[in-house]
Amino acid sequence: MNSFLVSRRAALAGGIAVLASPAVVRAQADPIKLATLTPLTGSGGTYGPVMAKVAGSVVEEVNKAGGVLGRRVVLVSEDDQTSPEAGIRAARKLIDVDKVAAILGTWASSVTTAVAPLCWESKTFLCTVSGADSITQLPHQGFLVRTQPNSKLQVMHVAEFMLSLGAKKVFTMIPQTPFTQSTFEILNQVLPKGGATHQSLIYDDKKTTYRTEVDQALRAKPDAILANGYTADSVVLLKDLYRAGFKGKVLGFAYSINQKLVDQIGQPEVVEGVYNFAPSPAEGSTAYKKVKAAVGSASPDPYTCQVYDHVNMVLLAIAAGKAATGEAIKANIRAVTQGGGKPVDNALDGLKAIAAGEKVDYAGASGPCDFDEKGDILDCKFRYEQIKGGKFTLVKIA
């Protein structure tokens, strides 16, 4: 657990007046509690620690400037272990024991699906980076927003990218996930319109070899394979595709086709030419530069950038609503991100503007944070990379 607290000296240094009244003293003693629930371990363990770290950096910066509504902010970080069961246990603690106003950063779609009912039942706000379409179709009553483009938006973009590479016969290999069926449906709609065919199979992601599944896929004579699993099973799948002599294009999501996968395989020839894709952060923005500095990375991943935005958005919504509750966040999250006010890309500038009676329009490290009525992000750019010589090289951002 990580807690980021502010001292009275820091509050004064940040220009926040502390008045000698019982009400203010009580307010100062009553912190605003937020939480990250990220995969510190498990298949998402590559991402979760950095996501929690960037959230802590925002809280620390805000506390040094005096907090929000004259109150310090406490961040509690828990591990969902990339497991729905562990996620439920952690969420229950955050809601019942820590009494947080918002939970930020849930990653795996299965975890978010399991945790979301606990949030809307307790009126705890939930910000997620999960992509399954089914998540925002849940009856969440407005207590959820998603900065990750849903699977429909993501798969439409990757289908268009495969068509741009000249793919004519696409085969998707994917484990059973909350977005498996919707992935098939979208590819079956988009690829034929571009003159390509599509076939698919679902594999068991716990197996130690997929040679049988690979042989089945290759009988369809594909020129492109969408490897749509997680890192651990994608390591096995790519090795088996290489051993089977597949010479076509291979693509996968960047959350699985990443440097960890390259390092685990340890054979550059196995991954040479493989593509990955992911929502693109707002690389030229000041917010993106802040994320780079906070996590010590020249190219922070999209999830880290999105969690940075989660914290900033939620703190601004609390300030605008003048209450540190899930209901206040729900009522004000769109007002501070797409209300047509003063453009801001960090909580400090936004808090100053709100205190001055101004409206704000937050766009951050992941880009604009505009949501539809279901809580889905309206659109974003995507980044496409290709592995060359064991390293990822940019193909395009579109």
Original post:
Which value, in Å² and to the nearest 10, is the accessible area of Ser83 when all protein chains are kept and the probe is 1.4 Å?
Top reply: 30
Original post:
So which residue, out of Tyr288, Tyr303, Tyr242, gets the largest mean-square fluctuation from a GNM of the chain using Cα contacts under 10 Å as springs?
Top reply: Tyr242
Original post:
Based on the Cβ-Cβ distance from Glu85 to Ser297, what FRET efficiency comes out when R0 is 41 Å, to the nearest 0.05?
Top reply: 0.85
Subject >> Extreme residue, positive dipole direction of the chain, given options Ala159, Thr106, Ala335 (C-beta unit charges) >> reply: Ala335
Original post:
Which of the pairs Lys152/Lys207; Lys260/Lys374; Lys64/Lys289 have their Cα atoms more than 23 Å apart in this structure?
Top reply: Lys152/Lys207; Lys260/Lys374
Subject >> Burial ranking of peptide ranges 247-258, 104-115 (average Cβ count within 10 Å, highest at the top) >> reply: 104-115, 247-258
Original post:
For the Cα atoms of the chain, what angle does the longest principal axis make with the long axis of helix 48-64, in degrees from 0 to 90, nearest 10?
Top reply: 20
Original post:
Taking a 1.4 Å probe, which of Arg72, Arg219 shows the most accessible area, and what order do the others take after it?
Top reply: Arg219, Arg72
**OP:** Rounded to the nearest 10 degrees, what's the angle between the helix 109-122 long axis and the longest principal axis of the chain, both from Cα atoms, 0 to 90?
**Re:** 30
**OP:** Determine the share of the range 36-172's accessible area contributed by carbon and sulfur atoms, expressed in whole percent, with a 1.4 angstrom probe.
**Re:** 55
Subject >> For Lys352, solvent-accessible area (1.4 Å; no DNA, RNA or ligand), Å² >> reply: 140
**OP:** Please give the per residue accessible area of the chain, computed with a probe of 1.4 Å over protein heavy atoms only, in Å².
**Re:** 40
Subject >> Exposure ranking of Val129, Val236 by accessible area [1.4 Å probe, largest first] >> reply: Val236, Val129
Subject >> Derived scalar couplings ³J(HN,Hα) [the range 80-97; Karplus, 6.51 cos²θ - 1.76 cosθ + 1.60; whole Hz; x for Gly, Pro] >> reply: 8, 6, 6, 9, x, 5, 5, x, 5, 4, 5, 5, 4, 5, 4, 7, 7, 9
Original post:
Okay, helix-only estimate at 222 nm for the chain: each DSSP H run of n ≥ 4 adds -39500 (n - 2.57), divide by all residues, round to 500 deg cm²/dmol; what do you get?
Top reply: -12000 deg cm²/dmol
**OP:** Quote the charge dipole size of the chain about the Cα centre in Debye, to the nearest 20; the model charges only the Cβ of Lys and Arg (+1) and of Asp and Glu (-1).
**Re:** 520
Original post:
For Cα extents along the principal axes in Å, the choices are (1) 64, 39, 39; (2) 93, 51, 33; (3) 77, 38, 38; which was calculated from the structure?
Top reply: (3)
**OP:** Using a 1.4 Å probe over the heavy atoms of the protein chains, calculate the carbon and sulfur portion of the accessible area of the range 272-388 as a whole percent.
**Re:** 50
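The values are calculated or read from the model by the stated rules, or taken from the named source; none is laboratory data. Given the structure is predicted, the values throughout are model-derived calculations rather than measurements. Cβ atoms come from the backbone with ideal geometry, glycine included; neighbour counts cover every protein chain shown. Keep in mind that these areas ignore ligands, DNA and RNA; they rest on the heavy atoms of the full protein, side chains included. Shrake-Rupley method; radii C 1.70, N 1.55, O 1.52, S 1.80 Å.
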